[in-house]
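The values are calculated or read from the model by the stated rules, or taken from the named source; none is laboratory data. Everything quoted here is computed from the prediction, not taken from an experiment. Note that we place each Cβ from the backbone using ideal geometry, even for glycine, and neighbour counts take in every protein chain shown. All accessible areas refer to the heavy atoms of the entire protein, side chains included, with ligands and DNA or RNA removed. Shrake-Rupley method; radii C 1.70, N 1.55, O 1.52, S 1.80 Å.
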Amino acid sequence: MELSREEVLKRVIPWETYTTARLISGTGLQLLRRYDRRPLDAKAALLDENGVAYVGLFVSILRDITKEETVEYVLALIDELLSANSKRARLFHDPSFADEDIYNPFLRLLTKQNWFIQEKTCKILTCIISGRPKNMGQVTVSTEALDSALKSLVDWICDQLKTPSHPTRGIATAVSSLAVLLREPHVRQLFVFRDGVQFITPLISPASSQQYIQLLYEATLCLWLLSFNDAAVDAIGSTHALSRLVEVARTSTKEKVVRVAILTLRNLINKEYFASKMVDIGLPKVIQSLKLQAWTDEDLLDGLTALDEALKVSIKTLSSFDKYKQEVLSGTLDWTPMHKDPIFWRENVSKFEEHDFQVLRVLVTLLGTSKDPKTLAVCCHDLSQFVQAHPSGRQIVLDMKAKSHVMKLMEHENPEVRKEALLCVQKLLLRSKYASYLQS
């Protein structure tokens, strides 16, 4: 049976026994007697009056006492006070703790084989770290202690994403913590160093139940935060994150999920080759569909507009003949936008005549030499387009002896190659006025 905070706080802890054993001071015992098992409003008043003393007492108990029932109880007390008011995290950074490593007692607990302890420790550490004073004059914990705490916590999070300690809550707890911690640039570096991007990417997947929608939102939020880090962007480029983000934006009904997916894509579109990838996986069509919906979030609406404009620029760039020529001369062809863009063929067909039809000759050569099915299919398709668009296209291609190569490909093992080869042969055998009916 799963432990809850409420159940743990029903326990009666024999604090006097710890005082007898000199693990809790007399003053500590008095504080506990005033605080323990009191209503929330009474506890709040005591924390307002003497919060630093209570925080110091709770941390000292975690440092000095190892009995699991007591550790669970104190973690439940700390979780309760922080859940009621997250600003109380500043109590842990009071100047009176300047000579202590306030994080260390919690870090030791992350390794306990007890899920309640691990989960509460992760949640508390995340709150304490994120709630620390950021002004140098107010900093009480050493940089070394903070760096050590962040590294240990990020290591624990990555371990949970890879092999969760709890079958249903391990990953969710890790992602919730990560979505807070990644606001810090240093944490982004630590997470990338641990190959964390490959662990978070599989979580970017359409969700239906409320539980998984929240997990999806927080996982996507993590990617958005990571998109501000160059090393993380490189890592994102080596995963299937882009296609997953597009699918989430296309299928999600929750505005907050669509918003963070779109904002992540907006951040990434200006990075190197991401724009062309987004075009290839169909983002322009998704953006047009999303723009027709009645969204209310201004950031989402701005993100859709910015992506739409950037994608149009990208498509225009990708459709240039120089880009096409570069792809053909590389010897490896893919279904980039220009191949199926009628405007590209209409505006650029005369450029195929340059350098004695150099680009066209390379296409014909590839028909007989390439072993890549996609390259062969695109070659056949492009020859069809040239025949269709150029006034003398059919005769030019026949003069280059392309027909025999294409006819052989009609028996290729790959169905896409066979289909494009058949269409190409039909256009080569028919006069242009009839071939136009075969335009796909």
Subject >> Accessible area of the range 238-381 divided out per residue, in Å², using a probe of 1.4 angstrom >> reply: 50 Å²
**OP:** Take the alpha carbon atoms of the range 87-113, find their center, do the same for the range 172-225, and report the distance between the two centers in whole angstrom.
**Re:** 24 Å
**OP:** Report relative contact order for the range 214-310 in percent, whole number only (criteria: Cα-Cα under 8 Å, sequence separation at least 6).
**Re:** 30 percent
Subject >> Relative contact order computed over the chain (Cα-Cα under 8 Å; 6+ residues apart), in percent >> reply: 7 percent
Original post:
Looking only at 135, 104, 114, which one moves most when the chain is put into a Gaussian network model with springs between Cα atoms under 10 Å?
Top reply: 135
Subject >> ³J(HN,Hα) computed for each position of the range 302-315 - Karplus, 6.51 cos²θ - 1.76 cosθ + 1.60, integer Hz, glycine/proline x >> reply: 5, x, 5, 5, 5, 5, 4, 5, 5, 5, 5, 5, 5, 4
Subject >> Per residue, the convex hull volume that the Cα atoms of the range 283-326 enclose (Å³) >> reply: 58 Å³
Original post:
Mind checking which of 122, 380, 158 has the largest fluctuation in a GNM of the chain, springs on alpha carbons under 10 Å?
Top reply: 380
**OP:** Report, in deg cm²/dmol and to the nearest 500, the calculated mean residue ellipticity at 222 nm for the chain, where each DSSP H run with n ≥ 4 adds -39500 (n - 2.57) and the sum is divided by the residue count.
**Re:** -21000 deg cm²/dmol
**OP:** Return the carbon/sulfur percentage of the accessible area of the chain, one whole number, probe 1.4 Å, all protein chains in place.
**Re:** 52 percent
Subject >> Whole-Hz couplings from phi, Karplus 6.51/-1.76/1.60, listed for the range 186-195; x for Gly and Pro >> reply: 5, 5, 4, 4, 4, 5, 5, 4, 8, 6
Subject >> Entries of 371/403; 316/401; 340/374; 374/427; 351/419; 291/316 with Cα pairs more than 23 Å apart >> reply: 316/401; 351/419
Original post:
If you build a Gaussian network model of the chain, linking Cα atoms that sit under 10 Å apart, which residue out of 280, 94, 36 swings the most?
Top reply: 36
Original post:
For the range 137-192, what is the accessible area per residue in Å², given a 1.4 Å probe and the full set of protein chains?
Top reply: 43 Å²
Original post:
Roughly how many Å² is the accessible area per residue of the range 1-97, as a whole number, for a 1.4 Å probe?
Top reply: 52 Å²
Original post:
Which of the peptides 408-415, 224-231 is most tightly packed, and how do the rest follow, judged by the mean count of other Cβ atoms within 10 Å per residue?
Top reply: 224-231, 408-415
**OP:** Would you mind checking the range 381-415 for residues with the amide N under 12 Å from a putative spin-label position 7 Å along Cα→C-beta of residue 354?
**Re:** none
Original post:
For residue 24, which sequence-distant residues (separation of 5 or more, or a different chain) have an amide H within less than 5 Å of its own amide H, given hydrogens modelled in the peptide plane?
Top reply: 19
**OP:** For the chain, just give the cysteines left without a disulfide-compatible partner, judged by no other Cys Cβ under 4.7 Å.
**Re:** 122, 127, 158, 222, 379
